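Written out below as structure tokens is the structure these notes cover.
The values are calculated or read from the model by the stated rules, or taken from the named source; none is laboratory data. What you are looking at is a predicted structure, and each value in this text was computed from that prediction instead of being measured. All Cβ positions, even for glycine, are placed from backbone atoms using ideal geometry, and neighbour counts span all protein chains on display. Note: accessible area is taken over every heavy atom of the protein model, side chains too, but ligands, DNA and RNA are not part of it. Shrake-Rupley method; radii C 1.70, N 1.55, O 1.52, S 1.80 Å.
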Amino acid sequence: MTSPAQLSAMLKSEGQRLGMDLVGIAPAVTPTGISRLQSWIERGFAGEMHYIPRRATAYEHPEHVLPGVRSVVMVAVNYKGAGERGSAGVREQGREDHGDSVADLPHPQTPALPGRIASYAQSRSDYHDVLKPRLQQLADVLHAAAPSCRTRCVVDTAPLLERDFARLAGLGWFGKNTMLISKRLGSFVFLAALLTDADLEPDAPHATSHCGTCTRCLEVCPTDAFPEPGVLDARKCISYLTIELKGPIPLDLRTGVGEWLFGCDLCQDVCPWNRKSPPATDATFAPLPELASLDALEILRASDADLRTRFRESPLARPGPAGLKRNAAVVAGNLGDDAAIPVLCETLNHVDPVVRGASAWALGCLGGTAAQEALNTRRQFEDNPDVIVELESAASRFIS
């Protein structure tokens, strides 16, 4: 019979062969961060992510994800600046190439109004679709060695506190921006888990923090999303506002969104541990040049159908066409380029009221006769009360 120590060593070796940069093993226990999660929910910091409080009890133990679970295999995959030194053999190990769908539509060489994209979303594929098959291959290795075991692969799809189990597995510590930080890889990593009822030899937890007195991540946030070190108010986080939030971005946070069209990397970009970390070598996550930034005007001009097709296998599909157009309108308003006025006048008539409201706000920021006339015309037949407020607020900027 293969011992727990032998199984653990085998999984670590196979995990690295499959492209996992870090592999650690934690016991299946109540995560130490469960009380923090409960407090975070009670403070309302989850915003509209209602699935979190709805599953609050399930987060209390991985037993709720896999009955009888004994061990949690945690993996981390580096995605920092992936591709420059990528391995030619990446797609020869059963990893999926999802085609060229992100690049189906033409892109301008130089974006007229460049909207920033979080680095994790700049690759060809959605990391969920890439990591799940790799975890399944790792599970197959375990099943071959322990045929009677049960497993479940988790990539952000189950009530599991991945960061807590990553720390318990020795992969890193929690930064003041709440991200898991590895001494070797920094925080630009994807986390995923393989749960099993097999007995594995756990690693020592990462017991220390290495942030010291540094507060750069807290100070750089333009929307003040950190009420205290180690606590994130998701309702103010640019990533939440541009990805998870379905309604209008709160008025007092729009200027803070700045040029971010999708997600945000600010609190990671300034982290000293990320300046020291190596670039990724996995070509699967190689950033596409056309996703280094996206033209906000192009997003606003594109039909909803075109946006769905273009981003169908990318993380950028998550906000939906209306969410992307809302974000693009806010970026256009923040950039202050009059070139956006004609297209915003068009999106002022979009079928989705969230897009109309964001377009009205942006036109109010940009000003000018054309913007004023478009706002006044739309106001004559607008029937959505929220959009009416946006139109009147935007129009009031023209009154001296």
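Given A280, A302, A340, which one is in contact with a Lys or Arg (Cβ under 7 Å, 6 or more places away or on another chain) and either among the aliphatic types (A, V, I, L, M) or surrounded by 24 or more Cβ atoms within 10 Å (Cβ to Cβ) (or both)? Give the steps one after another, and end with the answer.
On the way: A302 fails: in contact with a Lys or Arg (Cβ under 7 Å, 6 or more places away or on another chain); A340 fails: in contact with a Lys or Arg (Cβ under 7 Å, 6 or more places away or on another chain).
Going through A280, A302, A340 in turn, the sole match is A280.
Could you please find all residues in segment 41-60 being open to solvent by 30 Å² or more (accessible area, probe 1.4 Å), over 17 Å from K236 (Cα atoms) and touching a helix residue (DSSP H, G or I) at 6+ places or on another chain (Cβ under 8 Å)?
If the condition is that a residue be open to solvent by 30 Å² or more (accessible area, probe 1.4 Å), over 17 Å from K236 (Cα atoms) and touching a helix residue (DSSP H, G or I) at 6+ places or on another chain (Cβ under 8 Å), then P53, T57, E60 are the ones that fit.
If you go through segment 186-241 one residue at a time, how many are acidic (D, E) and closer than 30 Å to G44 by Cβ?
Total meeting the criteria: 4.
Return the total of residues in segment 287-313 being touching a residue at least 60 places away in the same chain (Cβ under 8 Å) and either more than 29 Å from H210 (Cβ to Cβ) or of a type in the set (D, E, K, R) (or both).
Qualifying residue count, segment 287-313: 18.
Quick check on R167: is it at pLDDT 95 or above, open to solvent by 20 Å² or more (accessible area, probe 1.4 Å) and not in a helix (DSSP H, G or I)?
Details: at pLDDT 95 or above: yes; open to solvent by 20 Å² or more (accessible area, probe 1.4 Å): yes; not in a helix (DSSP H, G or I): no.
So R167 fails the test.
If I go through segment 184-221 residue by residue, how many of them are assigned to a loop (DSSP other than H, G, I, E, B) and in contact with a helix residue (DSSP H, G or I) (Cβ under 7 Å, 6 or more places away or on another chain)?
Residues in segment 184-221 being assigned to a loop (DSSP other than H, G, I, E, B) and in contact with a helix residue (DSSP H, G or I) (Cβ under 7 Å, 6 or more places away or on another chain): 10 in total.
Given the options H50, H61, name the one that is within 21 Å of R167 (Cβ to Cβ) and modelled with pLDDT of 95 or more.
H61
Would you tally the residues in segment 147-164 being open to solvent by 20 Å² or more (accessible area, probe 1.4 Å), part of a loop (DSSP other than H, G, I, E, B) and more than 26 Å from T208 (Cα to Cα)?
Looking only at that region, the number is 4.
When you scan segment 322-333, do you find a residue that is touching a helix residue (DSSP H, G or I) at 6+ places or on another chain (Cβ under 6 Å), among the basic types (K, R) and open to solvent by less than 50 Å² (accessible area, probe 1.4 Å), even just one? Give the derivation first.
Filtering segment 322-333 down to residues touching a helix residue (DSSP H, G or I) at 6+ places or on another chain (Cβ under 6 Å) leaves 322, 324-333.
From the residues that got through so far, the ones that are among the basic types (K, R) too are 325-326.
Keeping just the survivors that are open to solvent by less than 50 Å² (accessible area, probe 1.4 Å) gives 325-326.
Yes.
Given (1) farther than 14 Å from S123 by Cα; (2) part of a loop (DSSP other than H, G, I, E, B); (3) touching a Phe, Trp or Tyr at 6+ places or on another chain (Cβ under 9 Å), where does A280 come up short, assuming only one miss?
Here A280 clears every test but (1).
Of the residues G115, G15, G24, G83, which single one is in contact with a helix residue (DSSP H, G or I) (Cβ under 9 Å, 6 or more places away or on another chain) and at pLDDT below 95?
Result: G83 is the single residue among G115, G15, G24, G83 that is in contact with a helix residue (DSSP H, G or I) (Cβ under 9 Å, 6 or more places away or on another chain) and at pLDDT below 95.
When segment 122-146 is examined, which residues are found to be at pLDDT below 95 and not acidic (D, E)?
Result: Q122, S123, R124, S125, Y127, H128, V130.
Kindly establish whether V154 is out of contact with any Gly (no Cβ under 6 Å at 6 or more places or on another chain) and farther than 30 Å from L218 by Cβ.
For V154, the condition - out of contact with any Gly (no Cβ under 6 Å at 6 or more places or on another chain) and farther than 30 Å from L218 by Cβ - is not met.
Out of all the residues in segment 9-32, which are surrounded by fewer than 17 Cβ atoms within 10 Å (Cβ to Cβ) and either closer than 26 Å to Y240 by Cβ or acidic (D, E) (or both)?
T32
Taking only pairs six or more apart or across chains, which ones have beta-carbon atoms under 8 Å, a first residue in segment 374-390 that is of a type in the set (K, R), and a second residue that is open to solvent by 90 Å² or more (accessible area, probe 1.4 Å)?
Listed pairs, sorted by first residue: R379/E392.
Any residue at all in segment 190-197 that is surrounded by fewer than 21 Cβ atoms within 10 Å (Cβ to Cβ), of a type in the set (D, E) and in contact with a Cys (Cβ under 9 Å, 6 or more places away or on another chain)?
Yes: one or more hits.
From the list P248, P227, which one is out of contact with any helix residue (DSSP H, G or I) (no Cβ under 8 Å at 6 or more places or on another chain) and closer than 23 Å to H50 by Cα?
The unique qualifying residue is P227.
Out of V23, V69, which single residue is in a strand (DSSP E or B) and not basic (K, R)?
Working: V69 fails: in a strand (DSSP E or B).
Every option except V23 fails the conditions.
Could you list, in sequence order, all residues of segment 332-358 that are polar (S, T, N, Q) and touching a residue at least 40 places away in the same chain (Cβ under 8 Å)?
Answer for segment 332-358, where residues must be polar (S, T, N, Q) and touching a residue at least 40 places away in the same chain (Cβ under 8 Å): N334, T347.
Which residues, taken from segment 222-271, are closer than 15 Å to A329 by Cα, touching a residue at least 24 places away in the same chain (Cβ under 8 Å), assigned to a loop (DSSP other than H, G, I, E, B) and open to solvent by 40 Å² or more (accessible area, probe 1.4 Å)?
Answer for segment 222-271, where residues must be closer than 15 Å to A329 by Cα, touching a residue at least 24 places away in the same chain (Cβ under 8 Å), assigned to a loop (DSSP other than H, G, I, E, B) and open to solvent by 40 Å² or more (accessible area, probe 1.4 Å): K246, P248, E259.
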